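The values are calculated or read from the model by the stated rules, or taken from the named source; none is laboratory data. From a predicted model like this one, the values you see are computed outputs, not experimental measurements. Reconstructed Cβ throughout: ideal geometry from the backbone, glycine too, with neighbour counts over all protein chains shown. Side chains included, ligands, DNA and RNA excluded: accessible areas come from the protein's heavy atoms. Shrake-Rupley method; radii C 1.70, N 1.55, O 1.52, S 1.80 Å.
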Amino acid sequence: MRITDARVVVTSPGRNFVTLKLVTEDGVTGVGDSTLNGRELAVAAYLREHVVPLLIGRDAARIEDTWQYLYQGAYWRRGPVTMSAIAAVDTALWDIKGKVAGLPVYQLLGGRSRDGVTVYGHANGETIDDVLAEVARFVELGYRAVRVQSGVPGLAKTYGVSADRMFYEPADAAQPTETVWSTRRYLAHVPGIFARVREEFGTHLQLLHDVHHRLTPIEAARLGKSLEPHDLTWMEDPVPADLQEGFRLIRQHTTTPIAVGEVFNSIYDCAALIREQLIDYVRATVVHAGGITHLRRIFDLAALHHVRSGSHGATDLSPVCMAAALHLDLAIPNFGLQEYMRHTPETDEVFPHGYHFDDGYLHPPETPGLGVDLDEEAAARYLYNPAYLPVNRLEDGTVHPW
Ligand code: KDG
Ligand code: MG
């Protein structure tokens, strides 16, 4: 079953997405997400110029072989652009394989390991009252796990705290917005927020917090320690994981669980973190970590070392990535949590999908393949719109150095 067409579609239904659609000689189609927030066109060009010409005429059934061919064949290994491009091909091939087999992709991955995929939502607000109201709203919607972010007194704008409650979007301008950061103000404020949330919502609700790579290891250790009484499910991205040994220091000081990995694109980004049990959840995703094939490899390594999955699922990961993630989440033994941020109605129109939320869980559809598509006519109505993530400066004007 040969691949006869491969189309790269860039669309912006509220935000930018890059999608690959493969077509086989029998007319079976498969879709893969390759969106890289703020660097979308680099991946689109990589796919169009360097990958599509290699795909035409290849056997669509050979998923592993195609992965190795694109990874080894590039010579220049890893990196977010390469791995997002390979991810799109891999995801689309799994979609095709499911359709040909007449099975949802999770069945090809070994079948269900659970009834549904537990997801967490984002409760964020400027003030403690805003935060409490947001947590209450997510609890009412049925969420069992909630990420909590709040404004920090003395800072004009805090990353992760959005103006629009339902559709959080940090890539907000054609030139990066510049925000000011103070570790002292942040560390003084955060534990009190969690004390109030626990007081109001009790001990059963799972609570999470994202540090967005803002701290040094010893600062992160202090934050983890101060959050211990509030029993977080995880403290996310406490430090950038470029420095993997930094996590040893955090681990020596706190039992607050650690999640990291939304910017990882390879198993080699987290091999030491997993083998040394320096983290508890690995947040790599289908789109940025080489597709279902490579992410499965990361999760299998993690399972050996009692590390769970906790995949990234912000709005810059398209419904195609979300659908693929749900199939994998349902099948692996060491699933932890899945992030879920609802997409806008415009995005849902461009990417019709069958997964649904019910009582705190997401469920992939039972239709063959991934159960998601790209409506190319609808996509054509939304032109690419350059948008970048903000840049963070310290109070003295220094670009945040890590
Ligand atoms: O593209 C960056 C966003 O996906 C990121 O800021 C979201 O940190 C994030 C999260 O945990 O969802
Ligand atoms: Mg994050």
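Could you say which residue among 123, 173 is of a type in the set (A, V, I, L, M, F, W, C) and within 16 Å of ligand 2 (Cβ to nearest atom)?
On the way: 173 fails: within 16 Å of ligand 2 (Cβ to nearest atom).
Just a single option satisfies the conditions, and that option is 123.
The residue list 29, 35, 118, 24 contains one member that is in contact with a Lys or Arg (Cβ under 7 Å, 6 or more places away or on another chain), closer than 30 Å to residue 360 by Cα and modelled with pLDDT of 95 or more, which is 118. In the stretch 372-398, the residues that are in contact (Cβ under 8 Å) with a residue 60 or more places away in the chain and assigned to a loop (DSSP other than H, G, I, E, B) reach residues that are open to solvent by less than 50 Å² (accessible area, probe 1.4 Å) and charged (D, E, K, R) with C-beta atoms within less than 6 angstrom, at least six apart or across chains, in these pairs: 374/21.
Taking (1) within 16 Å of ligand 1 (Cβ to nearest atom); (2) open to solvent by 10 Å² or more (accessible area, probe 1.4 Å); (3) closer than 28 Å to residue 64 by Cα in turn, residue 319 satisfies each apart from (2).
Are any of the residues in the stretch 183-198 free of Cβ contacts under 8 Å to residues at least 24 places away in the same chain, under 25 Å from the mean Cα position of the chain (by Cα) and not in a strand (DSSP E or B)? No, every residue in the stretch 183-198 fails to be free of Cβ contacts under 8 Å to residues at least 24 places away in the same chain, under 25 Å from the mean Cα position of the chain (by Cα) and not in a strand (DSSP E or B).
Considering only residues of the stretch 271-306 that are farther than 17 Å from residue 325 by Cβ and assigned to a loop (DSSP other than H, G, I, E, B), which is most open to solvent (accessible area, probe 1.4 Å)?
Kept after step one, since they are farther than 17 Å from residue 325 by Cβ, are these residues of the stretch 271-306: 271-280, 301, 304-306.
Still in the running and assigned to a loop (DSSP other than H, G, I, E, B): 276-280, 305-306.
Working: 276: 81, 277: 94, 278: 14, 279: 3, 280: 41, 305: 42, 306: 153 Å².
For the stretch 271-306, the residue satisfying everything is 306.
Of everything in the stretch 74-106, what is small (Gly, Ala, Ser) and out of contact with any helix residue (DSSP H, G or I) (no Cβ under 8 Å at 6 or more places or on another chain)? Give them in sequence order. So that I can check it myself, show each step before the final result.
From the stretch 74-106, those small (Gly, Ala, Ser) are 74, 79, 84-85, 87-88, 92, 98, 101-102; that's our starting set.
Within the stretch 74-106, 79, 92, 102 qualify.
In the condition set (1) of a type outside the set (Gly, Ala, Ser); (2) open to solvent by less than 20 Å² (accessible area, probe 1.4 Å); (3) within 16 Å of ligand 2 (Cβ to nearest atom), residue 80 is compliant with all but (2). I'm checking my understanding of the structure. Among residues of the stretch 214-245 that are modelled with pLDDT under 95 and more than 16 Å from ligand 2 (Cβ to nearest atom), which one is least open to solvent (accessible area, probe 1.4 Å)? If we take residues in the stretch 214-245 being modelled with pLDDT under 95 and more than 16 Å from ligand 2 (Cβ to nearest atom), then 244 is least open to solvent (accessible area, probe 1.4 Å).
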